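The values are calculated or read from the model by the stated rules, or taken from the named source; none is laboratory data. Only a predicted model underlies this, so the values are computations on that prediction, with no experimental measurement involved. Every residue, glycine among them, receives a Cβ derived from its backbone with ideal geometry; neighbour counts consider all protein chains shown. All accessible areas refer to the heavy atoms of the entire protein, side chains included, with ligands and DNA or RNA removed. Shrake-Rupley method; radii C 1.70, N 1.55, O 1.52, S 1.80 Å.
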Amino acid sequence: MTDIGTQSESSFKVDDLIAQDIDAYLDQHQNKTMLRFITCGSVDDGKSTLIGRLLYDSKMIFEDQLDALESDSKKVGTQGEEIDFALLVDGLAAEREQGITIDVAYRFFATEKRKFIVADCPGHEQYTRNMVTGASTADLAIILVDARKGVLVQTRRHSYLCNLLGIKNIVLAVNKMDLVDYDQAKFDAIVSEYKEFAEEIGIEAFTAIPISGFKGDNVTTAPSETTPWYDGPSLMDHLETVELRSDLAASKPFRMPVQWVNRPNLDFRGFSGLIASGTVKPGDAIRVLPSGKTSNVRSIVTIDGDLDEAVAGQSVTLTLTDEIDCSRGDVIATSDDPPEAADQFESTIVWMDDEALLPGRAYFLKIGAQMVSATVSQPKYEVNINTMDQLAAKTLELNSIGVAELTTDRPIAFEAYEDSRAMGGFILIDKVTNATVAAGMLHFSLRRAQNVHWQATDVTREEHANLKNQTPKVLWFTGLSGSGKSTIANEVEKRLNLMNRHTFLLDGDNVRHGLNKDLGFTDADRVENIRRIGEVAKLMTDAGLIVLTAFISPFRAERQMVRAMLPDTEFIEVFVDTPLEVAEARDVKGLYKKARDGELKNFTGIDSPYEEPENAEIRVNTVEMSPQEAAKFIVDAIMPLK
């Protein structure tokens, strides 16, 4: 029998050895700079093989991994008896079966000079969103070109995406030189062709290196005996010495998005975040955006004690000399050179969702720690990233890239993406599903964002309401066509009128005769229809009215958008719950018949969806209730109105 005490003691010794190894590793690497880079290119250009070679030559493969690699190379490898380095990265079974990369694979390795995180990005056009994800945090991109094939459509597309995402360090790695007998003329021709294209899309400079990922030529050492005509650095030498984005960020004006208000007790109040750019010292004058409040830095607090100076890339807590309003999402910046704050922008958007963009729909926009509601207008154009042509577009589909204006519900502090990823890069989030549907880059604020200001008035909405002796409300009736919305809303208004309430009924058909006569019934037009009605209803509640709206309003996101426009408790959703077969049987306008016959497109309930309310304040079943009974039920539910 094994002695339990001896076994435990042995385990502790092993744990101690592991801990010592970890401490030694951290001591060796923790002070090194970190370079994040991506590899991209056409299918079968050798991206995964190159990364595998870098891992292998930097001795970042454990013995058991090497044994597994050798075994897998014999079973599923593509290099005969040689080691297939691509298998170190292509970890998914589907990737190995197809011999291609279909997901972003991240790998860490380190040398004596620097630490690295490399992302192997897929080459197929349908995985554009995957590549954008991998490139969004990269400082450098390795564009691989097969020496036999030269510059291809995918080479151009990936170069465009890298430039779009602000990657300034580009390496043109002409791979598989072993398959063209290390021909210098082939290499020079490819470099010349790529240079001409790079200038067209705004890539100012790049580094060209002839390599063989499989054989290892010019990957970690240079010059290789096979390329005596090349006198530049090896790929690894270049990766170890290239200037990092964080080094450049330190020379820019100070910016720190606030991630957390640190208030452990009544005697301490600090603002924590990662410094995006610049430096800060105690005593520096700062400005909080978007409010514009000013103060001075009292101290720079960290877990290891107060600092005399903090720089870009450090996470710190700042305390200020004044008790000013500052919260999560605000940006603390140098007082004499603050970023801009605006609510309307031109932007580039990369659409990442299976469901297409709906112009006018409200999405959450997250930029740094700021979270606001935003709407996207119809795109100005979509970019064909294979030809670089600008195409007319009404929406953006999965993997599409377009330029569009967007509007936020309140000003946000920002900088152009080309100047600051942290202050100019954003994502869009679907308000219903919480799925990330797009990534984007802000270009600049629109001029009207500075020229149009909210005009303060002396008579407030409260005074308007008091004059009418009532609390403003929006009764939002929603349901299928033929459910009875308009009839019931009309009955409710008559009852409220008899009670001396000041009301106004906005009916779906009536509004389309005037305000919304330019809109059709596509999903995008339905979204814009509801947005306009929401804005009108809000203005009417500002005037102190009780507003009744009778619209199908089929999408939850748009009903939620209108709810968000109003103060709490002022939006009352009334679900007129009528089964489709009942609404269709009524069909007083003959619309369902036309829709069934294909004469009426995008008809709710037939070929366009209706999303039922999940938590409506009031639900009426018109199968069980007459319009008069439903109206009485609704009025009783919302009473007493002041």
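Using only alpha carbon pairs under 8 Å that are at least six residues apart, calculate the relative contact order of segment 209-319 and give it in whole percent.
So the answer I get is 19 percent.
What are the ³J(HN,Hα) values, in whole Hz, obtained from phi via the Karplus relation 6.51 cos²θ - 1.76 cosθ + 1.60 with θ = phi - 60°, for each residue of segment 622-636 in sequence order, with x given for Gly and Pro?
6, 6, 9, 10, 7, x, 5, 5, 5, 5, 4, 4, 5, 5, 4
Please compute the Kirkwood hydrodynamic radius over segment 534-642, one decimal place, Å, based on all pairs of different Cα atoms.
15.8
Just from the alpha-carbon atoms, what are the Rg and Dmax of segment 246-355 in angstroms?
In order Rg, Dmax, the Cα atoms of segment 246-355 give 15.2, 50 Å.
Give me a comma-separated list of calculated 3J(HN,Hα) values for segment 432-437, in order, Karplus coefficients 6.51, -1.76, 1.60 applied at θ = phi - 60°, integers in Hz, x for any Gly or Pro.
8, 8, 6, 7, 6, 9
Using the Cα atoms of segment 439-566, I'd like the radius of gyration and the largest Cα-Cα distance, Dmax, both in angstrom.
Rg then Dmax for segment 439-566, in Å: 16.9, 54.
Taking square-rooted eigenvalues a ≥ b ≥ c of the alpha carbon gyration tensor, is segment 188-251 rounded, prolate or oblate, where a/c under 1.5 means rounded and, failing that, a/b exceeding b/c means prolate?
oblate
Please compute the net charge surrounding V620, taking Lys and Arg as +1 and Asp and Glu as -1 over other residues with Cβ under 12 Å from its Cβ.
With Lys, Arg at +1 and Asp, Glu at -1, the neighbours total -4.
Determine, for each peptide in 278-284, 533-539, 196-202, the mean count of other beta carbons within 10 angstrom over its residues, then list the peptides with the highest first.
Descending mean neighbour count gives 533-539, 278-284, 196-202.
State the dimensionless ratio Rg/Rh of segment 293-423 (Rg: radius of gyration of Cα atoms; Rh: Kirkwood radius).
Across segment 293-423, the Cα-based Rg/Rh ratio is 1.09.
Grab the eigenvalues of the alpha-carbon gyration tensor for segment 153-292, scale each by 5, take roots, and send me the semi-axes largest first in whole angstrom.
Rounded to whole Å, the semi-axes are 46, 18, 13.
Report ³J(HN,Hα) in whole Hz for each residue of segment 461-469, in order, from the Karplus equation J = 6.51 cos²θ - 1.76 cosθ + 1.60 where θ = phi - 60°; Gly and Pro get x.
For segment 461-469, the Karplus curve yields 5, 5, 5, 4, 5, 5, 4, 8, 6 Hz.
When a/c is below 1.5 the answer is rounded, else prolate if a/b is larger than b/c, else oblate, so apply that to segment 582-622 with a ≥ b ≥ c taken from the square roots of the Cα gyration tensor eigenvalues.
Note, shape of segment 582-622 comes out oblate.
What lysines sit close enough to K176 to cross-link, taking a C-alpha to C-alpha distance under 28 Å and skipping anything fewer than 8 places away on the same chain?
Reachable lysines: K47, K59, K74, K75, K113, K115, K149, K168, K186, K195, K215.
Would you mind putting 477-486, 360-369 in packing order, based on average other-beta-carbon counts within 10 Å, highest first?
So the peptides 477-486, 360-369, ranked by packing, come out 477-486, 360-369.
In Å², and per residue, what accessible area does segment 102-246 have when probed at 1.4 Å with the other protein chains present?
Ligands and nucleic acids excluded, the result is 40 Å² per residue.
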